[in-house]
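The block underneath contains the structure these notes are about, expressed in structure tokens.
Read-outs: derived from the displayed coordinates by stated rules, not from any lab. What you are looking at is a predicted structure, and each value in this text was computed from that prediction instead of being measured.
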């Protein structure tokens, strides 16, 4: 979700790449929640942060969007990197009815969108 928001809202200044510690498949609730905002992430590939690190990729900014514990397991990307940690609940851990899960995913989506907008405002 963060990748989609940053690539759209910061398209003239930032290019976002998203990766996970344990890539799998896209969360269908996240796909639905983003579609409600006009973003089609249904074809996004899941990537491993360790593969990106092994490829020698470098970044100006690295944002971890996960629990503090998961952020501590992320590899350190070399170079002068501005680092941020945004702790959000993991939608893959949500349980309940379809509507209860969607409601929580929407909350996380909106929190991420707000964080992206705040980030972009502070980096003008």
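Taking the alpha-carbon centroid of each part, what is the distance from the range 79-124 to the range 1-71 in angstrom?
After rounding, the separation between the Cα centres reads 11 Å.
Top mean-square fluctuation among 93, 18, 67, Gaussian network model of the chain, C-alpha springs under 10 Å?
Comparing 93, 18, 67 in the GNM, the peak value goes to 93.
Can you give me the angle between helix 98-122 and the longest principal axis of the chain, using Cα atoms only, in degrees from 0 to 90, rounded to the nearest 10?
Once rounded, one gets 30 degrees.
For the chain, what is the relative contact order in percent, using Cα pairs closer than 8 Å and at least 6 residues apart in sequence? Don't skip to the answer; put the middle values down first.
Numbers: 140 pairs, mean separation 32.7, N = 124.
Once normalised by length, the contact order is 26 percent.
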